[in-house]
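The structure under discussion is supplied below as structure tokens; questions concerning it will follow.
Derivation of every value follows stated rules applied to the coordinates shown; laboratory data play no part. Remember, predicted model here, so these are calculated numbers, not experimental data. Reconstructed Cβ throughout: ideal geometry from the backbone, glycine too, with neighbour counts over all protein chains shown.
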Amino acid sequence: MRLRLLIAKAIGKMAAMNTQFKFRLMDLPNELIAHIIEQIDSVRHLRRLSRTCRRIQHLAEPVLYRSIRIRSGYKTDQIITAVSARAERAAAVRQLEIPCDDDYLQNYAAVEALLTEAKNLKNLMFESPECNSNSFEDEEDWQEMSNNFFEPFQRAVASIAPLVHARPLQNLKSLTLHMNGPESPYWTIDDRSIGLVLHPTLTYLKMSCVNILDNILEHVHQTEKTPLKHLDLEECNITHGGLHGILSLPAALEGLSLGENCHNIQFFGDEIDPASSHLFQMDSQTTIAALKQQQHSLRTLAYITTHTYYQHLQLARWINGKKNTVDAGFADFAALEEVTLLGQCPDFERAMMTSRSPPNLKSLTFKAKDAFRQEIGTHSQSDSPLALVPFLRAPSCSIPDALERLNVAYHDSSPLGANRKLSETTKRIIRKAANATKEIGIELTVSYVDRRNYYPPYLWGEPAPTETTMFTGEHGFVGRFIATGTTVEDDDDEEDDEWETDSD
């Protein structure tokens, strides 16, 4: 019986070997095969499929090379060899992510070659290998990296023949750049890197840990405006002159995130320009003058600052240099609809809301450690529920008819525990604020942000902060915040609740 079974199996195998199988996928037209290939989200499976035959390879490679992520020089060498062998491969590249791994050497010359070859590249992200450490490159290594990376951008804005006829990166729309400097967490925009902000096709630009100083336009002779729509500056050392210079370039900027150096300055002792940061606190009028260059188009504005002054050697600037506050500073920003303030800055709130606010303002967001508190010299009626409410506590506050939402978040520099609770005092403040804002047609939402031990800039692979809603104007307290956080007696405890109101 066993012998008969073995013979049957052997015959079955021989029959299978002699049977002519047909790959049914190949009966389909190219359009349908290409559509099926588009649905494959695994690069490994796509590679295996592309090796089945030349026809499938021809259809799969545009998808395979569309989005590329490289972290090491070995992978960069492989990619540049592949795209150099066939021009259609380089033409297929649309998205390129280069989060360099500090455990592996990177071939920056090959990175430059890839940026030059990828004529249709639309989205680019680059992270230098040491931007997330304190082992920054020395001057020689940094120059090698930065020269190779900035070179294609220099040629991209060239206006002299024959370079103008062979400019790379002419389809680039989005650039995210996280970089450190030589033996420093900060790098500086200079004549080599100015092509980043002069680029003729970029509509989105995000940069972190960069010095944007008064002389930013020192070597710029370009008169044409750029098409940039969204500018995101994170953890930057920026002066009033630097802000004015960089905002003079776009034709119609729609979104600006102005992020000052709030975290890195706490961990690194590197000297920075003493005139940078605290822009609104030091001179609201000059800051607003720089922003007014985009008042005709600016739709969203975020300002990230810190109320702590770390530049102890330049305290004279803080004591003697502070200018007067500005009222109705944004009254002529007719396009402005969404405003975010991260960090305490009464001068910004006052410039935004006092006397005349932006007429079409729809949404306000405020994030800080002490969300509800009464600032010195703010609301004229200290007993009013609005005297503690961000933005609405500004003196002689003008509330536009278009304003619909006020989002407030408890945002701290240290992570908050999952079991964090609100005191009854804080809950009463939130309820009173919600009732007061509801009467004037504004819905209040309160949340908290858990940072998970990371701080900006958030790099590749790092978890972004999570925001959890605690209170909405429609449903009141939600989730675990429905239950009582502490008893009233707990409010008299010697240990202050860090979410309590902090009245100055």
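Could you work out how far the C-alpha centroid of the stretch 129-148 sits from that of the stretch 435-452, in angstrom?
Answer, in whole Å: 43.
Here's something else I'd like to know. If you build the convex hull over the alpha carbons only and average its shadow over all orientations, what do you get for the stretch 26-65? Give it in nm² to one decimal.
Reported value for the Cα convex hull: 2.5 nm².
Can you give the local net charge around LEU217? Use residues other than it whose beta-carbon is closer than 14 angstrom to its beta-carbon, Lys and Arg +1, Asp and Glu -1.
Spelling it out: positives minus negatives among the neighbours equals -4.
At what distance in angstrom do the alpha carbon centres of the stretch 59-120 and the stretch 209-229 lie from each other?
Their Cα centres are 29 Å away from one another.
What nm value, rounded to one decimal, do you get for the distance between GLU97 and HIS58 when each label is placed 7 Å out toward the C-beta?
Label-label distance for GLU97 and HIS58, simple model: 3.2 nm.
A further question on this structure: Can you list the residues, at least 5 places off or on another chain, whose amide H is less than 5 Å from the amide H of GLN344, using H built in the peptide plane?
Under 5 Å from the amide H of GLN344 lie the amide H atoms of HIS307, each far enough along the sequence or on another chain.
If you take the beta carbon distance between ALA335 and THR201 as r and set R0 to 30 Å, what does 1/(1 + (r/R0)^6) give as a FRET efficiency, to the nearest 0.05?
That gives a FRET efficiency of 0.85.
Between beta-carbons, use under 11 Å as the cut-off and find the net charge around PHE150, counting Lys and Arg +1, Asp and Glu -1.
-2
Could you sort out which of LYS206/LYS369; LYS173/LYS206; LYS225/LYS292; LYS362/LYS438 sit more than 19 Å apart by Cα distance in this structure?
Result: LYS206/LYS369 exceed 19 Å.
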